[in-house]
Amino acid sequence: MLGEGIDWSVLAQTAIDRGVASLAAHTLVCVAPGMVPSDILEAFCEIVHQTRIGNREILARIRGTLEQIPSQGPRLATENALAAASSALTNNPADVAAWRNLGRTLSDLHRYQEAIACYDRATALAPDDAANWIDRARAMGAAGRRAATLPYIERALALDPEDPQAWTRYAYVLSDLQRYAEALEASDRALALDPENIAAARIGIHALLFVCDWRRRETIKSRIDNGLKARRLIITPFLNLAISESEAENLALAKLWAKTVPPSANPLWRGERYRHDKIRIAYISTDFRDTLSVNAIAGCFEGHDKTRFETMGISLNPDDGSDTRRRIVSAFDHFVEAQVMSNAQVATLLRDCEIDIAIDLNGYAGDKRTEIVAARPAPLQVNFAGYAGTTGMPFIDYIIADRIVIPEQHHVYYSEKVVYLPHTFFPTDRKRRIAEYTPTRTEAGLPETGFIFACHNTPYKITPEVFEIWMRLLRAVEGSVLWLSSTIDAAVVNLRREAAGRRVAPERLVFGPRVPQREDHLARLRLADLFLDTLPYNAHTTACDALWVGLPVLTCAGATFPGRVAASLLYAAGLPQLVTASLVEYEELALVLARAPERLAAIKEKLKRNRDTEPLFDTARFTRDLETAYTIMWQRQQDGLPAASFAVNCTPACAA
């Protein structure tokens, strides 16, 4: 018989110790109540009763959030999911699948806290089910608590160390936390278990590039080439910009990724022509916080002509509490905290506000939420600033550029219509502060004498080809050093190893530590003699920082948009002589400038004068030019004309 020889008190205690008391209790009460001693049965019935009470409380709390979901579609989806879960849990209060399914629905609707509550219930009922812990970690990560997800993923891996998806999630979070060496190990584990795991391969490529581990570079290139030929999403469009020298390849990859976010079959905007007193523009970003890119464009937000434009900021990231965040919030007429809103809710909000022009500041960069603009919430949608390339998306009408970053012959590689600003497409901020105190070389960790080459680009932009040139320069210029960023420890180790392999003492690579205040970093940049740019992905905001403090930037104009940005900046700064046409010329000019202090001093003096006279740092002029572009787009739409490429004429200088 079922109960023969069973010590029910021991079984009950075992169930409690393993955290599955509710699940065990429900099973025994429903399946074999007559076989369980009355005292144990009574305890199990009480467990089932308490489980039902807990279920009702959580479901009631989730039901209460329905009032906060304004859009009919997401609200209906939540109601249906709640109804299904309630029905299942009435029949079986220990139904793990019901909680997991409800959690997944809520996660899809960006109701992450409610989803986490569901997963907590699932893990309490079935703590030995690794999938519950992974789902909980995924919801926590989406809610912006990525570092806190690691223990939950590690719990899942302890339960099932052969799960390639769990290793992939682990790699993803470690990579996001910039623990790239560990991310690479996790990625390799996932691929060993599942060689066809595209997500794991993508994370591994990301980690290898960010730590400058070039020992597998040819393998990576081959994997990427083969993946693209097979139309597999083996690398993100953003990261591909750092290794590709082909606009045709960038377009092909962008179109491949664009298919993952198709245009809505029921676009929210259906051809209406709004008649507003002001043009309504909305900037959409996951980076409205203290980041390089947002610090560059903050002055533009503040400078918009509020008599002609009504501005809105749609923030898809949590408030980081920074001064930059407060500055951005105050710059807009309307600022929407949209992190917990679903994509459909944000798109509906934009449509309900009758936004004329929606500007996507992410493209393929950052934690993009392209589904918002895929719903076509606005008559005009623009790719600007965040991603230096085409999106390949049919619902993005325009890209903001200039004649240097996208020459006319390159228009064929862009799905968007190209808008030329007259000087540079890149925004800068005249309000950026430089600390009054400039540290000594010793305080900055630099040698007291000798020429200082500098490059503070993120390490993924450094390629073996350019690094080889840098090492030849160090060998040719006695006593010189190369000053780099030290934000990634593994990159420091790898770059020093690569230097030693090129007959350069590793200590001649000096890695500057992160400083808390941006103005202190700008002040220490003055210690460098020459900024050496990277290729095929140039310095962008870091080049602006260097030029702002008076540090000349030497670049080589590449074949793609991201490889021509520094050239755009230098022309706008009145320093075209620092733009070279080949890496041979780049190396030659770097050596000449390092050996000709009077020539370099003359360039620095010119840069100092130009800062207040040339267009690059004229934020007000840039903003007027950008507004002219918006106005032309808007007027074409008002006239019933389709999007078309055009150029904005020059605006008179405005800099103070």
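The values are calculated or read from the model by the stated rules, or taken from the named source; none is laboratory data. Being a predicted model, the structure only gives us computed values, none of them experimental. So basically every Cβ, Gly included, is an ideal-geometry build from the backbone, and we count neighbours across all protein chains shown.
Of note:
- Qualifying residue in the range 289-299 (condition: modelled with pLDDT of 95 or more, assigned by TED's automatic domain parsing to the domain that holds TYR364, over 26 Å from THR463 (Cβ atoms) and over 19 Å from the mean Cα position of the chain (by Cα)): yes
- Filtering the range 240-248 for residues that are touching a residue at least 24 places away in the same chain (Cβ under 8 Å), in a helix (DSSP H, G or I) and within 22 Å of the chain's Cα centre (by Cα) leaves a non-empty set.
- Flag: ASP135 does not match the condition of being assigned to a loop (DSSP other than H, G, I, E, B) and in contact with a helix residue (DSSP H, G or I) (Cβ under 7 Å, 6 or more places away or on another chain).
- Comparison of GLU436, GLU443 shows that the only residue that is part of a loop (DSSP other than H, G, I, E, B) and free of Cβ contacts under 8 Å to residues at least 40 places away in the same chain is GLU443.
- Tallying residues that are assigned to a loop (DSSP other than H, G, I, E, B) and touching a helix residue (DSSP H, G or I) at 6+ places or on another chain (Cβ under 7 Å) within the range 158-177 yields 4.
Residues checked against (1) closer than 25 Å to TYR364 by Cβ; (2) in the same structural domain as PRO422 (by TED's automatic domain parsing); (3) out of contact with any His (no Cβ under 6 Å at 6 or more places or on another chain):
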{"residue": "ALA559", "(1), (2), (3)": "yes, no, yes"}
{"residue": "VAL579", "(1), (2), (3)": "no, no, yes"}
{"residue": "PRO597", "(1), (2), (3)": "no, no, yes"}
{"residue": "ILE603", "(1), (2), (3)": "no, no, yes"}
{"residue": "THR623", "(1), (2), (3)": "no, yes, yes"}
{"residue": "GLU627", "(1), (2), (3)": "no, yes, yes"}
{"residue": "ASN649", "(1), (2), (3)": "no, yes, yes"}
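- Selected residue (criterion: surrounded by the fewest Cβ atoms within 10 Å (Cβ to Cβ)) from residues of the range 622-646 that are closer than 19 Å to SER415 by Cβ and among the small types (Gly, Ala, Ser): ALA644
- Selection over the range 605-642 of residues that are touching a helix residue (DSSP H, G or I) at 6+ places or on another chain (Cβ under 7 Å) and under 16 Å from LEU421 (Cα atoms) gives a count of 10.
- Answer residue from the range 430-461, given it is among the small types (Gly, Ala, Ser) and farther than 30 Å from GLU585 by Cα and is surrounded by the most Cβ atoms within 10 Å (Cβ to Cβ) among those: ALA444
- Restricting attention to the range 178-194 and to residues that are out of contact with any helix residue (DSSP H, G or I) (no Cβ under 7 Å at 6 or more places or on another chain) and not basic (Lys, Arg), the residue that is surrounded by the most Cβ atoms within 10 Å (Cβ to Cβ) turns out to be GLU185.
- Single residue of the range 300-330 satisfying the filter (among the small types (Gly, Ala, Ser) and surrounded by 20 or more Cβ atoms within 10 Å (Cβ to Cβ)) that is farthest from THR458 (Cα to Cα): GLY303
- Only listed residue being closer than 21 Å to ASP625 by Cβ and either assigned by TED's automatic domain parsing to the domain that holds GLY299 or of a type in the set (A, V, I, L, M, F, W, C) (or both), chosen from ALA344, ALA331, ALA375: ALA331
- Residue within the range 508-518 that is crowded, with 24+ Cβ neighbours inside 10 Å and part of a helix (DSSP H, G or I) present: no
- Yes/no for ARG526 being modelled with pLDDT of 95 or more, buried (at least 24 other Cβ atoms within 10 Å of the Cβ) and touching a Gly at 6+ places or on another chain (Cβ under 9 Å): no
- Taken over the range 544-565, residues that are part of a helix (DSSP H, G or I) and farther than 18 Å from LEU593 by Cα amount to 7.
- Residues of the range 482-507 classified as outside any loop (DSSP other than H, G, I, E, B) and either in contact with a Leu (Cβ under 7 Å, 6 or more places away or on another chain) or not aliphatic (A, V, I, L, M) (or both), total: 14
- Among the candidates ALA85, ALA115, the residue that is over 28 Å from the mean Cα position of the chain (by Cα) and assigned to a helix (DSSP H, G or I) is uniquely ALA85.
- Criterion applied to LEU616, LEU600 was being part of a helix (DSSP H, G or I), of a type in the set (A, V, I, L, M), touching a strand residue (DSSP E or B) at 6+ places or on another chain (Cβ under 8 Å) and crowded, with 17+ Cβ neighbours inside 10 Å, and the one residue passing it is LEU600.
- Filter result for PRO536 (crowded, with 21+ Cβ neighbours inside 10 Å, modelled with pLDDT of 95 or more and part of a loop (DSSP other than H, G, I, E, B)): yes
- Scan of the range 195-240 for residues that are surrounded by 17 or more Cβ atoms within 10 Å (Cβ to Cβ), over 28 Å from PHE384 (Cβ atoms) and in contact with a Pro (Cβ under 8 Å, 6 or more places away or on another chain), ordered by number: ASN197, ALA200, VAL211, CYS212, TRP214
- Some residue of the range 462-483 being closer than 22 Å to ALA385 by Cα and crowded, with 20+ Cβ neighbours inside 10 Å: yes
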